[in-house]
Amino acid sequence: MGADLHLTSQVLDDLMSAFCGFSGQLATACADIRNGDGALTGSDPLAGQVHEFADSWHYGLTQLGQHGTECVRLLRQVGATFDRLDHELTSGLSRGDGHG
């Protein structure tokens, strides 16, 4: 029983778009939490806890954003490789180099 691989440029574009947006959204969320609105958090102790939470999550959110950026880089490589292979296959078939 074999598996079929069906990959379109639209699938790659959608994934890259999601990961690009993901990184920016994490940065915005982290900044929003860190800066906080005094009218919402009030004074200590709640404001202090909100800022501590933001500080503790800043590193993790930054790392997630960097991983999202790396995923985009790798997806671009996947797209370029599939394009190259598709071109090679098409060239081989047009020359009659296909076997079978």
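Descriptive notes on the structure:
- Helices (runs of 4 or more DSSP H) fully within the chain counting 3 or more residues that are surrounded by 12 or more Cβ atoms within 10 Å (Cβ to Cβ), modelled with pLDDT under 85 and not aliphatic (A, V, I, L, M): 9-35, 46-94
- Inter-residue pairs, beta-carbon under 6 Å, first among the hydrophobic types (A, V, I, L, M, F, W, C) and in region 43-64, second assigned to a helix (DSSP H, G or I), 6+ apart: ALA47/THR41; VAL50/THR41; ALA54/ILE33; ALA54/ARG34; LEU61/LEU26; LEU61/CYS30; LEU64/LEU26
The values are calculated or read from the model by the stated rules, or taken from the named source; none is laboratory data. Only a predicted model underlies this, so the values are computations on that prediction, with no experimental measurement involved. No Cβ is skipped: glycine too gets one built from the backbone with ideal geometry, and neighbour counts run over all protein chains shown.
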